[in-house]
Amino acid sequence: MTRPTLRMCARCQRTTEEPVLVHEVHAPTGPGFNVYACPECAVHYPPMPDVLEVLESVGRRSPTPTRPTQKGTPPQ
Ligand SMILES: [Zn+2]
């Protein structure tokens, strides 16, 4: 029974069916986890950046910061 293993690339953040293990994270507590990249990114994967930083950037997905719109009378 084979089914495609979908992993998210840690670099381009796209899912890939051919994940390449680029880093193993050993957590002080718990089993830790693996970091995968797609074959394309794995080739030139940078020397492991701060994983927590990567995860943080994934968590925060706010493409455009919302600005409060200023409603009022235009200056005359
Ligand atoms: Zn990638």
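All of the numbers you see were taken from the coordinates with simple rules; none came from a lab. Owing to the predicted nature of the structure, the values given are computational and were not obtained by experimental measurement. Please note: Cβ atoms are built from the backbone with ideal geometry, for glycine as well, and neighbour counts cover all protein chains shown.
The table that follows gives values for the structure above.
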| quantity | calculated |
| --- | --- |
| Residue 71 paired with residue 33, simple spin-label distance in nm, labels 7 Å along Cα-to-beta-carbon | 4.1 |
| Phi to ³J(HN,Hα) by Karplus 6.51 cos²θ - 1.76 cosθ + 1.60 over segment 18-27, Hz, x for Gly, Pro | 10, x, 10, 6, 10, 6, 10, 9, 9, 6 |
